[in-house]
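Asker: First, the structure itself, so that you have it in front of you.
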C-alpha cells in the first residue's frame with residue numbers, strides 16, 4: 001500500500017530531524033510513501049483562531065489532493081494531524097462548512113468526497129506493520145536506554161483515533177520493540193504549552209518545566225516526542241526553565257536531558273546510519289547517553 | 001479596606017452575545033453545561049486564568065460579553081483539548097475558545113502590541129503569499145511587531161538552531177500559489193453570500 005506523505009511546515013524548519021528520521025524508518029520498514037504533490041500549510045492552531053472557515057478550506061485542499069491520488073495521508077506533525085482530522089469531521093457535521101469548502105475547492109478544480117484517511121506514523125507503524133515485524137528488523141537494540149514517552153495533546157485529543165486518550169501506549173510498544181526500556185511517565189499527555197513560550201513566556205516555561213522534571217525524577221535518559229513543537233519546547237528552553245526554579249540545587253545542576261523524535265530512536269535501532277537521522281541537529285547531545293549505555297552509534 | 005462589588009444585573013447582559021455563542025459552530029450544547037468544573041480541573045492553564053473555563057462557559061452563555069472578551073483566559077488556552085475530553089456533556093469547549101478569540105480579535109478586545117493577534121495576522125499573510133510557513137521568518141516578523149527587545153534574548157538560541165540547520169532564511173513556497181489565493185477569495189465570497 002502506498003501513502004501520501006504530508007510533512008507540514010515545521011518538518012522543513014525546526015523539525016528537520018523528524019523528517020530525516022521518519023524517511024529513514026520508512027525505508028527500513030519498506031513503507032512506500034510519496035510526498036503529497038504541492039501540499040500547502042494546514043492552517044495549524046493559529047489560523048483556526050482568526051478565521052475558522054478559511055482554515056477548513058486550506059486543510060481540505062490537501063485532503064482533496066491526496067484523494068485524487070487515491071492514497072491515505074500520513075501526517076507526522078501533531079497539529080497537522082489534528083487539523084486534517086478535524087476538518088474531515090466538521091465538513092461531515094456542518095452543512096454550511098461543507099458548502100463553503102466545496103465551492104472553494106471547485107474554484108481551483110478539486111473535489112473532496114470524504115474518501116481519504118488521515119493517519120499518524122504511530123498508527124501506521126503499529127497497526128499496518130506491527131510490533132513483531134519491527135522487532136524482527138531491529139539490528140541495534142536500544143538495550144538499557146530508559147525512555148520517557150511523551151505524546152502531548154493533539155495526537156490523542158480530542159479524537160481517540162487509534163489509542164487511549166488518557167493513557168496512550170502506541171509509542172511505548174514501538175520503543176519496547178526496539179529494545180528500549182519505557183519508564184512510567186504520568187504526564188505523557190499533558191500540554192507542553194504550545195506557542196505559549198513565545199507569546200506568554202512565564203506561563204510557557206512553567207509547563208515545560210513540569211514535564212522535564214517529571215521525566216528526570218523517573219530516571220529517564222531521553223524523552224521521546226511525536227510533535228515538532230513539543231520537541232522544540234522541551235529541548236530549547238531547559239536552561240531557562242531551570243533558572244526559574246527557586247531550589248538552589250537546580251541552579252547548580254540545571255535540567256538537562258536529550259529530547260528526540262521517536263522516529264530517531266526507531267531509526268537508530270533499525271540500523272540507519274547516524275548521519276541521516278538528524279542526531280547532529282539536537283541542542284542537547286544524545287551521544288554521551290548512548291556511549292554510557294554502549295549502544296553503537298554510526 | 002474597600003469592598004468591591006461584583007454583582008451583575010440583568011441589564012448588564014448582552015443578549016445578542018449569548019445568542020451568538022449558542023449558535024456558533026461548537027456552541028450547540030453550551031446550554032447543557034452542568035457547571036461541574038471538570039474543564040477547569042483538567043485545564044493545565046486554569047491556574048493562570050482570571051476566569052476558569054467553567055466560569056467562562058457560564059458568563060458567555062448568559063451574555064456577559066465585556067467580561068468574557070476582555071478576559072486573559074481566552075489567550076491562555078493552548079488548545080490542548082483536555083477539557084473537551086473530560087466534559088460529561090460533550091461541550092466543544094476548545095472550539096468555543098477559538099470562537100471567542102476570533103471575536104475578540106474582530107472587536108479589538110486586546111492590548112496594543114499583544115503578540116497573539118500579531119502572530120495570527122502575520123501567519124495568515126504568510127499563508128496567502130507563500131502557501132506555507134517558514135518558521136524563522138514568522139518568528140522574526142512577530143517579534144519585530146510586538147516585542148523587539150525579546151529578539152535580543154533569543155539571538156543565542158536562534159544562532160544555535162541556525163548552526164544545527166533548523167532555522168533557514170530560505171522561504172518555503174508552493175508551486176501553485178494562485179490556487180491558494182483563489183481558494184481564500186472564494187471562501188470570503190461564499191461567506192458574504194450566505195452571511196456566515
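Asker: Just to confirm the number: angle between the C-alpha axis of helix B:177-194 and the first principal axis of chain B, 0 to 90 degrees, nearest 10?
Answerer: For helix B:177-194, the angle is close to 20 degrees.
Asker: Moving on to the next point. Could you work out the relative contact order of chain A, using alpha carbon pairs under 8 angstrom and six or more residues apart, expressed as a whole percent?
Answerer: 21 percent
Asker: Moving on to the next point. Find how much the distance from residue B:36 to residue B:72 grows on full extension, using 0.36 nm per residue of separation minus their present alpha carbon separation; answer in nm with one decimal. Don't jump to the answer; show the numbers that get you there.
Answerer: Values: separation 36, 0.36 × 36 = 12.96 nm, distance 2.17 nm.
The residue B:36-residue B:72 span can extend by a further 10.8 nm.
Asker: A follow-up question, please. Which FRET efficiency value, to the nearest 0.05, is calculated for residue A:294 and residue B:107 with the Förster distance at 51 angstrom and r the Cβ-Cβ distance?
Answerer: Step by step, r from the Cβ atoms, then E = 0.25.
Asker: Other chains near A:95-104: what is the mean number of their Cβ atoms within 10 Å of each residue's Cβ?
Answerer: Taking the mean over all residues of the peptide, I get 4.
Asker: Compute the semi-axes of the equivalent ellipsoid of region B:115-194, taking the square root of 5 times each eigenvalue of the Cα gyration tensor, and list them largest first in whole Å.
Answerer: Square roots of five times the eigenvalues give 30, 17, 6 Å.
Asker: Among B:168, B:52, B:134, whose mean-square fluctuation peaks in a Gaussian network model of chain B (Cα, cutoff 10 Å)?
Answerer: Highest fluctuation of the listed residues: B:168.
Asker: Averaged over its residues, how many other protein chain Cβ atoms are within 10 Å of peptide B:159-169's Cβ atoms?
Answerer: Mean inter-chain Cβ contacts per residue within 10 Å come to 4.
Asker: In peptide A:59-66, what is the residue-averaged number of other protein chain Cβ atoms found within 10 Å of each Cβ?
Answerer: 1
Asker: Quick check on chain B: helices-only [θ] at 222 nm, where DSSP H runs of length 4 and up contribute -39,500 (n - 2.57) each and the sum goes over total residues. Nearest 500, please.
Answerer: It comes out at -17500 deg cm²/dmol, rounded to the nearest 500.
Asker: Same structure, new question: Please label the shape of chain B as rounded, prolate or oblate, based on the square roots a ≥ b ≥ c of the eigenvalues of the alpha-carbon gyration tensor (a/c under 1.5 means rounded; beyond that, a/b larger than b/c means prolate, else oblate).
Answerer: Judged from the Cα gyration tensor, chain B comes out prolate (a/c at least 1.5, a/b above b/c).
Asker: Relative to the longest principal Cα axis of chain A, at what angle does helix A:201-217 sit, 0 to 90 degrees, rounded to 10?
Answerer: Orientation of helix A:201-217: about 60 degrees from the principal axis.
Asker: Sticking with this structure for a sec: Report the convex hull volume per residue for region B:10-106, counting only C-alpha atoms, in Å³.
Answerer: Details: hull volume 8.5 nm³, N = 97.
With only Cα atoms used, region B:10-106 gives 87 Å³ per residue.
Asker: Next up: Compare A:278, A:13, A:179 in a GNM of chain A, Cα atoms joined below 10 Å, and give the one with the largest fluctuation.
Answerer: A:13
Asker: Counting only C-alpha contacts under 8 Å and six or more residues apart, can you give the relative contact order of region B:115-194 as a whole percent?
Answerer: Over region B:115-194, the number comes to 36 percent.
Asker: Taking a ≥ b ≥ c as the square roots of the eigenvalues of the Cα gyration tensor of chain A, is the shape rounded (a/c under 1.5), prolate (a/b larger than b/c) or oblate?
Answerer: Details: a/c = 2.18, a/b = 1.40, b/c = 1.56.
Because a/c hits 1.5 or more and a/b fails to exceed b/c, chain A counts as oblate.
Asker: While we're looking at this one, here's another question. In degrees between 0 and 90, to the nearest 10, how far off the longest principal axis of chain B does helix B:115-130 point, with axes built from Cα atoms?
Answerer: Roughly 50 degrees, rounded to the nearest 10.
Asker: Find the centroid of the Cα atoms in region B:8-57 and in region B:98-114, then give the distance between the two in whole Å.
Answerer: For region B:8-57 versus region B:98-114, the Cα centre distance is 17 Å.
Asker: Please say if region A:17-176 is rounded, prolate or oblate, where rounded means a/c under 1.5 for a ≥ b ≥ c the square roots of the C-alpha gyration tensor eigenvalues, and otherwise the choice is prolate for a/b larger than b/c and oblate otherwise?
Answerer: Prolate is the answer for region A:17-176, as a/c is 1.5 or above and a/b outweighs b/c.
Asker: Anyone know which of A:271, A:109, A:152 comes out most mobile in the 10 Å Cα GNM of chain A?
Answerer: Looking only at A:271, A:109, A:152, the largest GNM fluctuation is found for A:109.
Asker: Taking the Cβ of each residue in A:129, A:208, B:139 as the centre, tally the other Cβ atoms inside 10 Å and list the residues starting with the fewest.
Answerer: Numbers: A:129 17, A:208 25, B:139 20.
Final ranking by Cβ density, sparse to dense: A:129, B:139, A:208.
Bear in mind these aren't lab numbers, they're just calculated from the coordinates by the rules spelled out. Treat the numbers as computed from the prediction; the structure is a model and nothing was measured. Because the Cβ atoms are built from the backbone with ideal geometry, glycine has one as well, and the counts that use them run over all protein chains shown.
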